[in-house]
């Protein structure tokens, strides 16, 4: 009977995982539809999609800051990861920097963040490398890599203007290109946050549960 219960729990968790992922990949479509059909903004810089991307990025940064605070042994690498996503966040605000400073200004704050995070990480190189090794061995690293690959490679290639000019020819509309590129970026940010939240659970809570369970067994 216990074995059957374990099998049922395993199947139930697998189904929950699938439906969670199904919801995750459906949300970007819903957000894009709201922008196009309700807000009629053509996915401009002031669109719901753009704002949500920034929220997802900030939430991702918060995940790694939380891990760094709760797990001192992860801190040096955690700052490096948080710094990387903060640079992506600054890049997403490039239009704001262009309007308030000058074109391409975002590179300067991004460079400051990147160099600061790298310098801090290297103050304890051994701890950083050990954390890096554990980080890539974690089950969620594949999700994180997938999200980054979609964000940094696939969305850029699929959103190339030349490609959409070739597809739509004389019927080219920039909104179609925006939908493809921004929709994929939003999907990527959802996947990245999903992986990051699972990292928080594994680093900050799952390990603590295991420790508490072990402590209860040993204390009996």
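Just so it is clear, none of the values below were taken in a lab; they were calculated from the coordinates. This structure is a prediction, so every number in the text was calculated from the model and none was measured. Here Cβ is always computed from backbone atoms with ideal geometry, including for glycine, and neighbour counts include all displayed protein chains.
Taking 7 Å along the Cα-to-C-beta vector as the label spot, tell me the residue 112-residue 70 distance in nanometres, rounded to one decimal.
3.1
Between 0 and 90 degrees, rounded to the nearest ten: what's the tilt of helix 75-92 against the longest Cα principal axis of the chain?
Roughly 20 degrees, rounded to the nearest 10.
Assuming 0.36 nm per residue, please report the length gained on full extension of the stretch residue 96 to residue 54 beyond their Cα-Cα distance.
Details: separation 42, 0.36 × 42 = 15.12 nm, distance 1.26 nm.
So the extension gain works out to 13.9 nm.
Which residues in the range 169-206 have a backbone N closer than 20 Å to a point placed 7 Å from the Cα of residue 127 along the Cα-to-Cβ line?
200, 203-205
What number, rounded to the nearest 500 deg cm²/dmol, is the helix-based mean residue ellipticity at 222 nm of the chain, given -39500 (n - 2.57) per DSSP H run of at least four residues and division by all its residues? Let's see the in-between values first.
Details: 11 runs with 170 residues, N = 220.
The helix contribution divided over the chain gives -25500 deg cm²/dmol.
If neighbour count is taken as other Cβ atoms inside 10 Å, put 16, 63 in order from fewest to most. Please report the intermediate quantities before stating the final value.
Working: 16 10, 63 25.
Fewest-to-most Cβ neighbours within 10 Å comes out as 16, 63.
Please report the relative contact order for the range 2-219, taking Cα pairs under 8 Å with a sequence separation of at least 6, and give it as a percent rounded to a whole number. Display every interim value, and only then the final one.
Working: 206 pairs, mean separation 55.3, N = 218.
That works out to 25 percent.
So if R0 is 25 Å, what FRET efficiency would residue 120 and residue 146 give, r being the distance between their Cβ atoms, rounded to the nearest 0.05?
0.35
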